[in-house]
Amino acid sequence: MYLQSELQKYIYTTFTTTASLSTTPFYLNHAPQDTSYPIVTYNVISNVPSMAMGSTGNDYGTYRIQFQVFVNEPDYSAGMTILNDIESAFHRQSNVTLSNDVTLICAKVQGNVVTFFNDEEKVWQISEDYSFMVGK
């Protein structure tokens, strides 16, 4: 849990300090009902701890995180702009020091998947997956 907590702090800090992302509301797992668009949510899709001989399981882990952008527009171009900003902030980050000698490497592993989330309201959902390797 320690490494996942450090990763979540990193995602939060990146969103709040990246000018192009700081004005877009983002939430872990689910946005509150009736939140205005655009919205970004992110989910931990998988968490694979590394267990080596003598390891406590807190030394290294790989996390697959899915970012989902929801926009209420005639097309999904505004959502693609946000995803491009997410990619600029996270993709190919390496040897990022988080805290207490915890480092991070990140790469996008799945590109844009575009779907209608709500056809009546013209809400688009665009998602991308990233792999974060976090360790001491």
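The values are calculated or read from the model by the stated rules, or taken from the named source; none is laboratory data. Computed from a prediction, not measured in an experiment: that's the story for all the values here. Because the Cβ atoms are built from the backbone with ideal geometry, glycine has one as well, and the counts that use them run over all protein chains shown.
At-a-glance table
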| quantity | calculated |
| --- | --- |
| Residues of region 26-35 satisfying the condition of being surrounded by 12 or more Cβ atoms within 10 Å (Cβ to Cβ) and part of a loop (DSSP other than H, G, I, E, B) | A31, T35 |
| Those residues of region 67-103 which are free of Cβ contacts under 8 Å to residues at least 12 places away in the same chain and closer than 13 Å to V114 by Cβ, in sequence order | S77 |
| Residue in region 49-66 that is in a loop (DSSP other than H, G, I, E, B), of a type outside the set (K, R), modelled with pLDDT of 75 or more and out of contact with any Leu (no Cβ under 7 Å at 6 or more places or on another chain) present | no |
| Complete set of residues in region 1-25 that are touching a Leu at 6+ places or on another chain (Cβ under 7 Å) and part of a loop (DSSP other than H, G, I, E, B) | none |
| Of all residues in region 85-104 being within 18 Å of T17 (Cβ to Cβ) and loosely packed, with under 13 Cβ neighbours inside 10 Å, the one that is modelled with the highest pLDDT | S88 |
| Pair list, Cβ < 7 Å and 6+ apart or interchain, from region 19-32 residues that are under 24 Å from I45 (Cβ atoms) to residues that are surrounded by fewer than 14 Cβ atoms within 10 Å (Cβ to Cβ) | P25/T35 |
| Contacts under 8 angstrom Cβ, first residue in region 109-129 being surrounded by fewer than 14 Cβ atoms within 10 Å (Cβ to Cβ), partner outside any strand (DSSP E or B) and not β-branched (V, I, T), 6 or more apart | F116/K122 |
| Any hit, region 105-114, residues being part of a loop (DSSP other than H, G, I, E, B), within 23 Å of S20 (Cβ to Cβ) and either β-branched (V, I, T) or in contact with a strand residue (DSSP E or B) (Cβ under 6 Å, 6 or more places away or on another chain) (or both) | no |
